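Undergrad: Following this message is one structure expressed as structure tokens.
The values are calculated or read from the model by the stated rules, or taken from the named source; none is laboratory data. Since the model is a prediction, treat every value here as computed from it, not as a measurement. Glycine gets a Cβ as well: all are built from the backbone with ideal geometry, and neighbour counts include every protein chain shown.
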Amino acid sequence: MIITRTPYRISFFGGGTDYPSWYRENGGQVLATSIDKYCYITCRFLPPFFEHSIRLAYSEIELCNTIDEIKHPSIRETLRNVGINSAIEIHHDGDMPARSGIGSSSSFTVGLLNALSSLNNEDITREHLLNRSLLIEQEILQETVGSQDQTMAVHGGFNHITFSDQGKISVNKLTVPSENLSSLNSHLLLFFTGLTRMASSIALTYINDLQKNEVRLKRMSSMVDEGINILQNNKNLDGFGELLHEGWMEKKSLGTEISTEAIDSIYDLAKSAGATGGKLIGAGGGGFLLLFAKPEVQNNIRSSLKGLTEIPFKFEEQGSTIIFKDTKK
């Protein structure tokens, strides 16, 4: 039996520039961190005492005898990629809801690929894990997703990720004074809007027009450098919150389905209660709202958003990890 733990992520700046259709022409960069909320995947070889040879437990339960019967696309194609054909049981447990903008789909794929490779006695490097997860999601499944989610799930940490026009992905662990990193964490609030959506569906509303949004995307990319500069050189982090607000205004302008009246109303309430800035995490349309606010006004914000669920979190460093391994059959 193998159990993997793979973090979810929050992205601050540069989202949208991590789509291959953009960065292979223009380059791109993202500032993001993994958080201490996780996707857990448990895998084992199934004993030969059942009518089925494949058992899957996620939001649904599937009992199958062949890979072709599997409905879950990521599980089906990851099993094919690893070369496991049958006699397998897979369980998924997550700390956060799916389709909520925190990179849950990619964390699932990365965690599953990590688990199945280990179960198959394959020694997989982080680079190999990233490349194979990108292959599965972007090329085999043809999902409209960027490349930051898989990268963050694999590596974890507080990162400056760059995407070259040659397709190379570089992960740079950001060097930030510990007091600034702690201060940033204490200034951030995360609320679940209660709205879930398919990120790829939202992305499709603007992904084909990325070149038309060249000016906005280049501005969003430059915010990565500004955000890093604030974190590394300023004790007062208010500018980081103001930059989040500017970035959200730019992101909203990329497509009509990125925000809604309900989301705008929630964000306006938070701003009125004292939030400096914020954004929806991920492609938009729902999911989690990240807010930057001074600690002394955070209770005011909680009162204004009392109908929403707050998720306390901390930054994490590990990325996808095998937390239990027993391969004895």
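Undergrad: Within the range 31-66, track down each residue that is free of Cβ contacts under 8 Å to residues at least 40 places away in the same chain and of a type in the set (Gly, Ala, Ser).
TA: The answer is 53, 57, 59.
Undergrad: Another one. Kindly list the number of the only condition in (1) at pLDDT below 95; (2) under 30 Å from residue 253 (Cα atoms) that fails for residue 85.
TA: Failing condition for residue 85: (2).
Undergrad: State all residues of the range 35-56 that are farther than 15 Å from residue 115 by Cα and not in a loop (DSSP other than H, G, I, E, B); if no residue qualifies, say none.
TA: Listed by number, the residues that qualify are 35, 36, 37, 54, 55.
Undergrad: Kindly provide the set of residues from the range 263-292 that are more than 16 Å from residue 103 (Cβ to Cβ) and either out of contact with any strand residue (DSSP E or B) (no Cβ under 7 Å at 6 or more places or on another chain) or surrounded by fewer than 19 Cβ atoms within 10 Å (Cβ to Cβ) (or both), ordered by number.
TA: To start, the set of residues in the range 263-292 that are more than 16 Å from residue 103 (Cβ to Cβ) comprises 263-278, 291-292.
Passing the criteria: 264, 265, 268, 269, 271, 272, 273, 274.
Undergrad: Further, regarding this structure: With the requirement that a residue be over 30 Å from residue 327 (Cβ atoms) and of a type in the set (A, V, I, L, M), what does the range 111-165 give you?
TA: The answer is 145, 161.
Undergrad: Determine whether residue 69 is farther than 19 Å from residue 137 by Cβ, without any contact (Cβ under 8 Å) to a residue 24 or more places away in the chain and out of contact with any helix residue (DSSP H, G or I) (no Cβ under 6 Å at 6 or more places or on another chain).
TA: So residue 69 fits the description; yes.
Undergrad: Checking the condition assigned to a helix (DSSP H, G or I) and free of Cβ contacts under 8 Å to residues at least 12 places away in the same chain, which residue from 76, 24 passes?
TA: 76
Undergrad: Report, by residue number, each residue of the range 293-329 that is out of contact with any strand residue (DSSP E or B) (no Cβ under 9 Å at 6 or more places or on another chain) and at pLDDT 95 or above.
TA: Scanning the range 293-329 gives 294, 295, 296, 297, 299, 300, 303, 304.
Undergrad: Assess whether residue 128 counts as being under 30 Å from residue 163 (Cβ atoms) and loosely packed, with under 15 Cβ neighbours inside 10 Å.
TA: On the way: under 30 Å from residue 163 (Cβ atoms): yes; loosely packed, with under 15 Cβ neighbours inside 10 Å: yes.
Here the answer is yes, as residue 128 does meet what is asked.
Undergrad: How many residues are in contact with a strand residue (DSSP E or B) (Cβ under 8 Å, 6 or more places away or on another chain) and part of a loop (DSSP other than H, G, I, E, B) when one looks only at the range 147-167?
TA: Counting residues in the range 147-167 that are in contact with a strand residue (DSSP E or B) (Cβ under 8 Å, 6 or more places away or on another chain) and part of a loop (DSSP other than H, G, I, E, B) gives 4.
Undergrad: I'm trying to understand the selection: among the residues of the range 50-66, which are over 17 Å from residue 39 (Cα atoms), of a type in the set (A, V, I, L, M, F, W, C) and modelled with pLDDT of 95 or more?
TA: 54, 61, 63, 64
Undergrad: Let me ask something else. Looking at 99, 76, 44, which one is in contact with a helix residue (DSSP H, G or I) (Cβ under 9 Å, 6 or more places away or on another chain), modelled with pLDDT under 95 and among the basic types (Lys, Arg)?
TA: Result of the check over 99, 76, 44: 99.
Undergrad: Would you mind listing the helices (runs of 4 or more DSSP H) fully within the range 172-287 where at least 2 residues are modelled with pLDDT of 85 or more and of a type in the set (Gly, Ala, Ser)?
TA: Output list reads 178-187, 214-233, 238-252, 261-272.
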